[in-house]
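Peer 1: Sharing a structure here in structure tokens format.
Nothing in this text is a laboratory measurement; each read-out follows from the coordinates by a stated rule. Predicted model, so just to flag it, every value in this text is computed and none were measured. Here the Cβ positions follow ideal geometry from the backbone for every residue, glycine too, while neighbour counts run over all protein chains shown.
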Amino acid sequence: MVIETKKITISNRSNISYQVDRRKPLLDSLREQGVDLPYGCKYGGCITCAGKLISGEINQKAQVALNNRQINDGYIVLCVARPLSDITLEIGVESHNKLYRNPFLDPLETHELKADIATPLETK
Amino acid sequence: MECCGPGYASPAEAMKAPRENLLYTIAIYTGTGIQKPDYLCTIDADPESQTYSKVISRLEMPGIGDELHHMGWNACSSCHSDSSKTRKYLIVPGVRSSNLHIIDCASDPRNPTLFKVIDGADIKPKTNLSAPHTVHCLGSDIIISMLGDAKGNAPGGYLHINEAFEIVGRWENSMGDIKFGYDFWYQPRHNVMVSSEWAAPNTFMPGFDLEEVGHLKYGREIHFWDFEKKIPIQTMYLGEDGLVPLEVRFHHNPDSSHVFVGAALSANIIHCWKDSNGEWQWEKIIDVENEPHPEWPIPIPGVISVILLSMDDKYLYFCNWLHGDIRQYDISDPHNPKLTGQVFMGGLLNKAPEVNGVKVTGGPQMIQLSLDGKRLFVTTSLFSTWDNQFYPEIRTNGGCMLMVKCNTENGGMEIDKDFVVDFGKEPNGPSRCHETRYPGGDCTSDIWL
């Protein structure tokens, strides 16, 4: 059986790249190849392992932690995200500059909430 | 009654125990960017010692990313009449990993060692539970509030483990209509347990979105249980007065029905008691006003992240994590608390940015009081993701621990000038300190049957 792989480039690690099984979560694939990544729950419920997608496409349907603003800012939860194409990522807390916000100083718009409670943007 | 089980015959006996000379405090790297395990610190609290106010040993957990948070003993005064029991093991859960670390603190109290790990990956399939929080022993067995199901959805339930640290299963017979879990405390002589509500792990673990409170993703109810039947029988809807009710503290006196709950976001203290007809009642007894801040569009809520009662049930202590103050109230009359002491450390109001030569990042958060009620140890980190939102500088500064001297006669508080532990200077880089326990028990560890 041929395992279909995708190329993962890590932009904040001197653009080092890895070939990974497209069916496996990125956290597992990258850690197996020696990339030191933070993680917590390993089921997509916390954002400890979040990275930022710079280019390419991923599937992270299983994540339940990110709100729509974080998703629009490119954040992906590596413990459940799988690559759909070759991708470029930023990893670690250096990529978290927009992940955390003071909720009182910078409230979310209704379309920026988590998917289950967000109001869709009005289409014109 | 003479016996030689763990703990003390009564709260009054506990107050006469020797002073705590060691502190066990959790320190975390989860969410900090430092790829090291969370760890249990042993801190020297003996003022006669050369290493007073210093971390003297560190026990790293086997893996990274646990987010150690709260912890509890295998045995407490609830087993005082059983000479076969000893207070030997701390059960130290990881909220994110769901791993339970069983740590031997008795063989060498200055150098605790890891005895066993109950793997979160075993707990989830066997019980459909995750995200452990509060640990209480029930006589010989142990129950732990678990805030989510195996996928991090609310309400979770209660994990029952036996004294050999084996998974027994679910403790409760029903969760009834309970929406969320968090803390709990039981008072057996009234056959009651009271539980509170934070949120689903999938809601609180990624951080705090204020809008989710309005969407009912955070708790606003507390629950009274038939403790023997292990079923919830009455719910108090606290509404806007009780947004995010967290810590639950019964009077230590086992005959008393008075119980106090801190509503974090409303910054209120809720008092419940059984009236002369045997009905449970509740009232708001303290309301911390929101404080204006020049850079904030709305006043800052206090965010009461912890409450605690002195062993004689005379004083209530709590922290306003965002305001930066610790308060002491005389609750001799539980319906009419009187503010008797207040100190500031850190916080967003900038009233005490530096204490004892250390920049305080974060605010007063977890507190632990000595059995005699005179020394209150305070740490500054709440939860990694929430720290990162409200106090982002904690990533580089780390947390710190201070001691507050408490006047038990007339009330009053004062920060001790000689005690400070700066977790910004830990060997592997800045870490964040959370809950503290004392080897001989403390004001949140022991329950009397």
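Peer 1: Determine, yes or no, whether A:Arg13 is touching a residue at least 24 places away in the same chain (Cβ under 8 Å) and more than 14 Å from chain B (Cβ to nearest Cβ).
Peer 2: Details: touching a residue at least 24 places away in the same chain (Cβ under 8 Å): yes; more than 14 Å from chain B (Cβ to nearest Cβ): no.
Against the criterion (touching a residue at least 24 places away in the same chain (Cβ under 8 Å) and more than 14 Å from chain B (Cβ to nearest Cβ)), A:Arg13 does not qualify.
Peer 1: Which residue pairs have Cβ atoms under 7 Å apart, sit 6 or more places apart or on different chains, and have a first residue in segment B:433-449 that is free of Cβ contacts under 8 Å to residues at least 40 places away in the same chain and a second that is outside any strand (DSSP E or B) and buried (at least 24 other Cβ atoms within 10 Å of the Cβ)?
Peer 2: Here the result reads none, with nothing in segment B:433-449 linked to a residue that is outside any strand (DSSP E or B) and buried (at least 24 other Cβ atoms within 10 Å of the Cβ).
Peer 1: Does B:Val92 satisfy being within 23 Å of B:Phe250 (Cα to Cα) and among the aliphatic types (A, V, I, L, M)?
Peer 2: Details: within 23 Å of B:Phe250 (Cα to Cα): yes; among the aliphatic types (A, V, I, L, M): yes.
In short, yes.
Peer 1: Something else: Taking the options B:His252, B:His223, name whichever one is surrounded by 17 or more Cβ atoms within 10 Å (Cβ to Cβ), part of a loop (DSSP other than H, G, I, E, B) and under 21 Å from the mean Cα position of the chain (by Cα).
Peer 2: Step by step, each of B:His252, B:His223 is checked, and only B:His252 is surrounded by 17 or more Cβ atoms within 10 Å (Cβ to Cβ), part of a loop (DSSP other than H, G, I, E, B) and under 21 Å from the mean Cα position of the chain (by Cα).
Peer 1: Do we have B:Ser145 as crowded, with 18+ Cβ neighbours inside 10 Å, closer than 30 Å to B:Ser257 by Cβ, of a type in the set (S, T, N, Q) and within 19 Å of the chain's Cα centre (by Cα) here?
Peer 2: Values: crowded, with 18+ Cβ neighbours inside 10 Å: yes; closer than 30 Å to B:Ser257 by Cβ: yes; of a type in the set (S, T, N, Q): yes; within 19 Å of the chain's Cα centre (by Cα): yes.
It is true that B:Ser145 is crowded, with 18+ Cβ neighbours inside 10 Å, closer than 30 Å to B:Ser257 by Cβ, of a type in the set (S, T, N, Q) and within 19 Å of the chain's Cα centre (by Cα).
Peer 1: Moving on. Examine segment A:18-36 for a residue that is surrounded by 17 or more Cβ atoms within 10 Å (Cβ to Cβ), among the aromatic types (Phe, Trp, Tyr), touching a helix residue (DSSP H, G or I) at 6+ places or on another chain (Cβ under 7 Å) and over 26 Å from B:Ile28 (Cα atoms), and state whether such a residue exists.
Peer 2: yes
Peer 1: Further question: Which of the residues spanning segment A:1-17 are surrounded by fewer than 18 Cβ atoms within 10 Å (Cβ to Cβ) and of a type in the set (Lys, Arg)?
Peer 2: Taking segment A:1-17 and keeping what is surrounded by fewer than 18 Cβ atoms within 10 Å (Cβ to Cβ), we get A:1-5, A:7, A:9, A:11-17.
Of everything in segment A:1-17, those that are surrounded by fewer than 18 Cβ atoms within 10 Å (Cβ to Cβ) and of a type in the set (Lys, Arg) turn out to be A:Lys7, A:Arg13.
Peer 1: Moving to a separate point now. Applying the selection to segment B:115-133, what residues are within 22 Å of B:Phe383 (Cβ to Cβ), in a strand (DSSP E or B) and either polar (S, T, N, Q) or over 22 Å from the mean Cα position of the chain (by Cα) (or both)?
Peer 2: B:Ser130
Peer 1: Being within 9 Å of chain B (Cβ to nearest Cβ), free of Cβ contacts under 8 Å to residues at least 12 places away in the same chain and not aliphatic (A, V, I, L, M) is true for just one of A:Asp36, A:Asp106. Which residue is that? Please lay out each step first, then the result.
Peer 2: Details: A:Asp106 fails: within 9 Å of chain B (Cβ to nearest Cβ).
Within the list A:Asp36, A:Asp106, the selection yields A:Asp36.
Peer 1: Being within 18 Å of the chain's Cα centre (by Cα), outside any strand (DSSP E or B) and within 22 Å of B:Pro254 (Cβ to Cβ) is the filter here; which residues of segment B:305-338 pass it? Walk me through how you get there before you give the answer.
Peer 2: Residues of segment B:305-338 that are within 18 Å of the chain's Cα centre (by Cα), as a first pass: B:305-311, B:313, B:315-322, B:324-328.
Narrowing further to those that are outside any strand (DSSP E or B): B:310-311, B:313, B:321-322, B:324.
Within segment B:305-338, B:Ser310, B:Met311, B:Asp313 qualify.
Peer 1: Determine if segment B:14-30 includes at least one residue that is within 14 Å of chain A (Cβ to nearest Cβ) and in a loop (DSSP other than H, G, I, E, B).
Peer 2: Within segment B:14-30, the first condition is being within 14 Å of chain A (Cβ to nearest Cβ), and the residues that meet it are B:28-30.
This time we only want the ones that are in a loop (DSSP other than H, G, I, E, B), so: B:29-30.
Yes, segment B:14-30 contains a residue that is within 14 Å of chain A (Cβ to nearest Cβ) and in a loop (DSSP other than H, G, I, E, B).
Peer 1: Looking at segment B:382-398, I want the residues that are more than 7 Å from chain A (Cβ to nearest Cβ) and have a partner that is assigned to a loop (DSSP other than H, G, I, E, B) and acidic (Asp, Glu) with Cβ atoms under 7 Å, at least 6 apart or on another chain. Which pairs are those?
Peer 2: Cβ pairs passing all conditions: B:Ser384/B:Glu67; B:Gly398/B:Glu426.
Peer 1: Just give me the residues in segment A:1-18 being assigned to a loop (DSSP other than H, G, I, E, B), out of contact with any Asp or Glu (no Cβ under 7 Å at 6 or more places or on another chain) and over 12 Å from A:Pro83 (Cα atoms), in sequence order.
Peer 2: Initial filter on segment A:1-18 (assigned to a loop (DSSP other than H, G, I, E, B)): A:1-4, A:11-15.
Now restrict to residues that are out of contact with any Asp or Glu (no Cβ under 7 Å at 6 or more places or on another chain): A:1-2, A:4, A:13-15.
Residues satisfying the conditions are A:Met1, A:Val2, A:Arg13, A:Ser14, A:Asn15.
Peer 1: What number goes with the only condition from (1) surrounded by fewer than 18 Cβ atoms within 10 Å (Cβ to Cβ); (2) farther than 30 Å from B:Leu216 by Cβ that B:Ser174 does not pass?
Peer 2: Answer for B:Ser174: the failing condition is (2).
Peer 1: Within segment A:39-83, how many residues turn out to be touching a residue at least 60 places away in the same chain (Cβ under 8 Å) and either within 10 Å of another protein chain (Cβ to nearest Cβ) or surrounded by fewer than 23 Cβ atoms within 10 Å (Cβ to Cβ) (or both)?
Peer 2: Looking only at segment A:39-83, we keep the residues that are touching a residue at least 60 places away in the same chain (Cβ under 8 Å), and these are A:82-83.
Those still in the list that are either within 10 Å of another protein chain (Cβ to nearest Cβ) or surrounded by fewer than 23 Cβ atoms within 10 Å (Cβ to Cβ) (or both) too: A:82.
Total meeting the criteria: 1.
Peer 1: Does segment B:58-77 hold any residues that are under 11 Å from B:Thr25 (Cα atoms) and either away from chain A (no Cβ under 14 Å) or hydroxyl-bearing (Ser, Thr, Tyr) (or both), and which are they? Working first, answer last.
Peer 2: Of all residues in segment B:58-77, those under 11 Å from B:Thr25 (Cα atoms) come to B:58-59, B:68-71.
Once the filter is applied, which keeps residues that are under 11 Å from B:Thr25 (Cα atoms) and either away from chain A (no Cβ under 14 Å) or hydroxyl-bearing (Ser, Thr, Tyr) (or both), segment B:58-77 yields B:Arg58, B:Leu59, B:His70, B:Met71.
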